[in-house]
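In what follows, a structure is listed as structure tokens, so that the remarks can point back to it.
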Amino acid sequence: MPAYQFKHVKTGEIIDMFLRLSELDTWKENNPEYQSYHGSAPSLVSGVKSARQIAGREWEDHLSRIKKGSGRNNNIKV
């Protein structure tokens, strides 16, 4: 269920609402004192490491073994 943010027109209070898309218009009609509010986007990335760095040294060793066994003209980057 999507989360929506609304800001109270008079007080500036910001609330989070979890509503179905089908419920959104009805909620807005029943609560005219609130306007849609778009604050900062939610953080979707928890860190700055690449997937390869997170996987660790064992994965790099595994890729090295694959590269060695794949022949001379491979383009695998380790």
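Bear in mind that the values in this text are calculations on the coordinates, not laboratory data. Predicted model, so just to flag it, every value in this text is computed and none were measured. Neighbour counts run over all protein chains shown; Cβ positions are idealised from the backbone, glycine included.
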The chain: longest segment with zero exposed GluC sites (Glu not before Pro), where exposed means DSSP loop plus at most 14 other C-beta atoms within 10 Å, is residues 34-78
So, over other residues within a Cβ distance under 11 Å of Gly39, counting Lys, Arg +1 and Asp, Glu -1, the net charge is 0
Measuring from its Cα centre, the chain shows a charge dipole (+1 at each Lys and Arg Cβ, -1 at each Asp and Glu Cβ) which, in debye to the nearest 20, is 940 debye
Tilt, helix 21-30 to longest principal axis of the chain (alpha-carbon atoms), in degrees rounded to tens, equals 30 degrees
Excluding residues fewer than 8 positions from Lys10 in its own chain, the lysines with Cα under 30 Å of it are Lys28
Placing each pseudo-label 7 Å from Cα in the direction of the beta carbon, Trp27 and Lys77 end up separated by a distance in nanometres of 4.4 nm
Rounded to the nearest 10, the angle in degrees between the Cα long axis of helix 57-69 and the longest principal axis of the Cα atoms of the chain comes to 50 degrees
Taking a straight Cα-to-Cα line shorter than 17 Å from Lys7, and setting aside same-chain aspartates and glutamates fewer than 8 residues away, one finds Asp16, Asp25, Glu29, Glu33
In deg cm²/dmol, rounded to the nearest 500, the helical mean residue ellipticity at 222 nm of the chain, built from -39500 (n - 2.57) for every DSSP H run of length 4 or more, is -10500 deg cm²/dmol
